[in-house]
Amino acid sequence: MESVRHARANAEIIKALSVIIKDKLNDPRLKSSFITLTYANVSADFRHCKVGFTVLNGNVDLVQRVLRKSEGYIKRELLSVVKLPYAPELEFIYDIGGDNSERVNKILSELVIPDVDNEENDEDL
């Protein structure tokens, strides 16, 4: 069970990392990508944090490599904004949930569902 302290830390981490990646990480390889952070899960001892992300208009592997290579800078910026007992090691993980929901939405949009009202009217005739 997640404590209130960890829930608050996760929310603050996501908020701060979103701003850092969007506004302060000046890597030209990320400029055309739209990166969304989907979750943060800081460990009980605050030494590790898994951060989920999705990418629109970009190469997932490239974005993940850039985020991993920029971890030192991102951590320093994070600590300047969020009060944490330790500087957590950041692990950026591609969140496939967005891909899955997109695939489900596509399948649902292609379904042909008969109109129930019309079937009932046809039976009355």
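The values are calculated or read from the model by the stated rules, or taken from the named source; none is laboratory data. Everything quoted here is computed from the prediction, not taken from an experiment. As a convention, Cβ positions derive from the backbone with ideal geometry for all residues, glycine included, and neighbour counts pool all protein chains shown.
Can you name every residue in segment 28-48 that is of a type in the set (A, V, I, L, M) and either at positive phi or loosely packed, with under 14 Cβ neighbours inside 10 Å (or both)?
Ala44
Between a first residue in segment 18-39 that is in contact (Cβ under 8 Å) with a residue 60 or more places away in the chain and a second residue that is assigned to a loop (DSSP other than H, G, I, E, B), which pairs have beta carbons less than 6 Å apart while being 6 or more apart in sequence or on different chains?
So the pair list comes out as Thr38/Asp95.
Each row is one residue, and each column tells you yes or no for (1) among the β-branched types (Val, Ile, Thr); (2) under 15 Å from Lys15 (Cα atoms).
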site: Leu37; (1), (2): no, yes
site: Asn41; (1), (2): no, yes
site: Asp45; (1), (2): no, no
site: Phe53; (1), (2): no, yes
site: Gly58; (1), (2): no, no
site: Val63; (1), (2): yes, no
site: Leu67; (1), (2): no, no
site: Glu71; (1), (2): no, no
site: Ile74; (1), (2): yes, yes
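Hey, can you tell me all the residues within segment 6-27 that are surrounded by fewer than 11 Cβ atoms within 10 Å (Cβ to Cβ) and either at pLDDT below 90 or in contact with a Gly (Cβ under 8 Å, 6 or more places away or on another chain) (or both)?
Asn26
Looking at Val51, is it out of contact with any strand residue (DSSP E or B) (no Cβ under 8 Å at 6 or more places or on another chain) and of a type in the set (A, V, I, L, M)?
no
List the number of the failed condition for Ile35; all other conditions in (1) farther than 14 Å from Phe92 by Cα; (2) under 12 Å from the mean Cα position of the chain (by Cα); (3) among the hydrophobic types (A, V, I, L, M, F, W, C) hold.
Of everything listed in (1) farther than 14 Å from Phe92 by Cα; (2) under 12 Å from the mean Cα position of the chain (by Cα); (3) among the hydrophobic types (A, V, I, L, M, F, W, C), Ile35 misses just condition (1).
From the list Val51, Val66, pick out the single residue that is among the hydrophobic types (A, V, I, L, M, F, W, C), surrounded by 14 or more Cβ atoms within 10 Å (Cβ to Cβ) and closer than 14 Å to Asp95 by Cα.
The match here is Val51.
Check whether at least one residue in segment 36-47 is among the acidic types (Asp, Glu) and within 16 Å of His6 (Cα to Cα), and report yes or no.
Yes, segment 36-47 has at least one match.
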